[in-house]
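**Q** Mind looking over this structure? Questions follow.
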Amino acid sequence: EATERERERAEQQRLAEAAAAEQQRRDELARQQAQAHAAAEAARVAAEQQYRPINKPEPDYPRRALTQKLEGDCTVEYDVTASGRVDNPRLVDGACDSPLFARPSLAAARDFIYQPRLVDGQPVTVAGVRNTFRYRLSQ
């Protein structure tokens with residue numbers, strides 16, 4: 001009879017330990033899911049806060065560059081306003097392979113439209129955005 005009680009106590013203790021281990025596993029899984037959810041939410045909020053291009057038309061290829069079979073790149077820097085428009089486009093020093101690419105690059109950049117960046121739910125200006133236009137002849 002004493003041995004039987006001992007077995008029952010041992011079995012109850014084993015079951016209690018198994019239940020505690022299972023609860024610990026569930027708690028850990030819930031913690032991991034909460035962390036994953038928080039990370040996903042943070043990524044979603046960050047994505048909402050970033051400015052994103054809505055419309056970025058390609059520049060016209062300069063005719064003189066076409067006749068000369070000239071290819072190259074031209075980098076323009078500008079600010080994206082709180083309304084999503086481009087302000088103050090300018091050439092980046094030394095980043096335009098030919099002066100022929102300057103005017104169409106600046107003109108194209110002026111026509112860009114962005115979803116503005118949000119800070120505390122309010123749209124703000126983003127300064128110093130860069131875009132490199134690549135002028136390549138079709139094969």
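Just so you know, all these numbers are worked out from the coordinates, no wet-lab data involved. Given the structure is predicted, the values throughout are model-derived calculations rather than measurements. Here the Cβ positions follow ideal geometry from the backbone for every residue, glycine too, while neighbour counts run over all protein chains shown.
**Q** Could you grab me the full set of residues in segment 72-91 that are in contact (Cβ under 8 Å) with a residue 24 or more places away in the chain and not in a loop (DSSP other than H, G, I, E, B)?
**A** Matches in segment 72-91: GLY72, ASP73, CYS74, THR75, VAL76, GLU77, TYR78, ASP79, VAL80, ARG85, VAL86, ASP87.
**Q** Next question, about the same structure. How about segment 108-139: which of its residues are part of a loop (DSSP other than H, G, I, E, B), hydroxyl-bearing (Ser, Thr, Tyr) and either touching a residue at least 24 places away in the same chain (Cβ under 8 Å) or under 14 Å from VAL76 (Cβ atoms) (or both)?
**A** Result: THR125, single match.
**Q** Scan segment 72-82 and tell me whether some residue there is over 30 Å from ARG136 (Cβ atoms) and loosely packed, with under 13 Cβ neighbours inside 10 Å.
**A** No; the residues of segment 72-82 include none that is over 30 Å from ARG136 (Cβ atoms) and loosely packed, with under 13 Cβ neighbours inside 10 Å.
**Q** Could you tell me whether segment 40-50 includes any residue that is in contact with a strand residue (DSSP E or B) (Cβ under 9 Å, 6 or more places away or on another chain) and in a strand (DSSP E or B)?
**A** There is no residue in segment 40-50 that is in contact with a strand residue (DSSP E or B) (Cβ under 9 Å, 6 or more places away or on another chain) and in a strand (DSSP E or B).
**Q** Answer yes or no as to whether SER105 is within 18 Å of ASP60 (Cα to Cα), among the polar types (S, T, N, Q) and not in a strand (DSSP E or B).
**A** Considered against the rule, which asks whether it is within 18 Å of ASP60 (Cα to Cα), among the polar types (S, T, N, Q) and not in a strand (DSSP E or B), SER105 comes out as yes.
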